[in-house]
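Take a look at the structure set out below.
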Amino acid sequence: MNAIILSTSSAQRSTASSKAFTATLPRPKRPCRLPVHQRPAQRRIISLLIPSPANLTSHVLHATGSDAVEVDIEEDTMERMEKTMEATRRSFGTVRTGRANPAALDRVMVDYYGAPTPLRQLAGISAPEASLLVVQPYDTSAIAVIEKAIMQSDLGLTPNNNGRLIRLQIPALTSDRRKEMTKIVAKLAEEGKVAIRNVRRDSMKAIEKREKESAIGEDERKDLEDAVQELTNEYVASIDALAKSKNEELTTV
């Protein structure tokens, strides 16, 4: 009996000692996970419902049914933000400075046979001199409506129509006009940043949806959210930099 008691006590001490030793061991660290954008070989392809085929773009990788497609959310986010960035850059180009720039006429819409049509589709535009724009209509019968559209725009330019082409002399910007232009730049920049944030919102909703459907885990969700937020910050900063550059161009006499 005594031997049995001693054996049991010894076993208990051994078990307690083992537990104490185990408790003192350092826990293994969680493996380091690189951010999504640094793991190109581990692309997570996840499902995202898109309402209609009209919304499908080049980022579609695989379709299952009429409205279910698999897309890489991070690549989709980057593609949409890049398009927004390009649109904002073009908008800045339409803001007139003291130098002739054909892009200044990009926003001019012409009432061509009852349909609003971009001026660039109706005429060639060039800047032969630093302070002169020349508009050469492809159809000379449209020169009157082109002239009217330019006069009604917010460019503050007076067309000189000789029946074959239109010359636009670019006057130096006054102090008041420069202030007006900087306000337009600020408005365009804010519109661009709002569009970037809308892309972010859509991507975050898509990520949340896929986690609820168990298509991705918590770690993948956090990685994707971090990547989308990083892209958002980068593109917003780029728009701010473009706006600053445009304002410097406007304020340079």
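What follows draws every value from the coordinates through simple rules; no lab data is involved. Because the structure is predicted, anything quoted here is derived from the model rather than measured. Heads up, the Cβs are rebuilt from the backbone with ideal geometry, glycines too, and the neighbour counts pull from every protein chain shown.
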- Query: What is the sum of charges around Ala100, taking Lys and Arg as +1, Asp and Glu as -1, for the other residues whose C-beta is under 15 Å from the C-beta of Ala100?
  - Reply: 0
- Point-charge dipole on Cβ atoms (K/R +1, D/E -1) for the range 102-169, about Cα centre, debye to 20: 80 debye
- Yeah, the range 68-120 with a ≥ b ≥ c from its alpha-carbon gyration tensor (a/c under 1.5 is rounded, else prolate when a/b outruns b/c, oblate otherwise) is oblate
- Task: Considering Cα pairs under 8 angstrom that are at least six residues apart, work out the relative contact order of the range 102-169 and quote it in whole percent.
- Result: 28 percent
